[in-house]
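Just so you know, all these numbers are worked out from the coordinates, no wet-lab data involved. Since this is a predicted model, take the numbers as computed values, not measurements. So basically every Cβ, Gly included, is an ideal-geometry build from the backbone, and we count neighbours across all protein chains shown.
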Amino acid sequence: MNKTIKTLALASVIAVSGCATTGGERDYSDSLYLRGQFAWWDALPEYKVNKVDAGLYRTEVELKADGQPYEFKFGDANWSSGSNCGYLSEKDDKVVTLDKPVKANCSSVFENFRFTPPENGVYGFYFDARGEVPQVYIKKAN
């Protein structure tokens, strides 16, 4: 392989891998779903994210507070790399509590977030891709 082809190949790898872990300018509203135990991990239309602002997406789920955590991720319909977003760090980001952002890794495989609702109700699940590392947080819906 000559030097030009090697350089182009390396640039392609860097570009693709960069998209897998950073938020960037991608519009997730056409492909990203909240997936979890409450939906049998399926990409259901009612859990497709809606764009709230540039780089910020949201969907709602009604949850029961039975003391057990719900496992969830954000992912597309095919669990594609770059669109399979679970926690970044098991120590710091696995457990999500209300109103506290945690970091996401969109090339995850088995890194499911966990959330234990403090009371029965509807919760807004947010995917924030505005920074260098995507974040996930949950708010009680009105």
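I want the local charge near E25. Using Cβ-Cβ distances under 15 Å, sum +1 for each Lys or Arg and -1 for each Asp or Glu among the other residues. Intermediate values should be presented prior to the final figure.
Values: positive: R26, K51, R130; negative: D27, D30, D53, D128, E132.
Net charge in that neighbourhood comes out at -2.
Among F110, F125, rank each residue by its count of other Cβ atoms within 10 Å, from fewest to most, as a rough exposure measure. Before the final figure, lay out each step's value.
Details: F110 6, F125 24.
Listing F110, F125 from fewest to most nearby Cβ atoms yields F110, F125.
Among the listed pairs K100/K139; K103/K139; K51/K139; K64/K91; K73/K103; K73/K140, which are separated by more than 20 Å between their Cα atoms?
Numbers: K100/K139 9 Å; K103/K139 16 Å; K51/K139 16 Å; K64/K91 25 Å; K73/K103 12 Å; K73/K140 18 Å.
Going by Cα-Cα distance, K64/K91 fall outside the 20 Å limit.
Given 0.36 nm per residue, what is the gain on full extension from W79 to E119 after removing their alpha carbon distance, in nm? Walk me through the numbers before you get to the answer.
Working: separation 40, 0.36 × 40 = 14.40 nm, distance 3.01 nm.
Using 0.36 nm per residue and subtracting the Cα-Cα distance, I get 11.4 nm.
Under the definition of Cα pairs under 8 Å and six or more residues apart, what whole-number percent is the relative contact order of the range 22-95? Display every interim value, and only then the final one.
Values: 95 pairs, mean separation 22.3, N = 74.
Computed over the range 22-95, the figure is 30 percent.
Among the GluC sites (Glu not before Pro) within the range 69-142, which fall in a DSSP loop and have no more than 11 other Cβ atoms within 10 Å of their own Cβ?
Values: sites: E71, E90, E111, E119, E132; in loops: E111, E119, E132.
Qualifying residues, ordered by number: E119, E132.
Could you put V133, V49, V122 in order, starting from the residue whose Cβ has the fewest other Cβ atoms within 10 Å? Walk me through the numbers before you get to the answer.
On the way: V133 15, V49 20, V122 12.
Lowest to highest Cβ neighbour count: V122, V133, V49.
Kindly put K48, K91, K73 in sequence by how many other C-beta atoms sit within 10 Å of each C-beta, fewest to most. Present the calculation step by step, with values, prior to reporting the outcome.
On the way: K48 18, K91 8, K73 24.
The fewest-first ordering by Cβ neighbours comes to K91, K48, K73.
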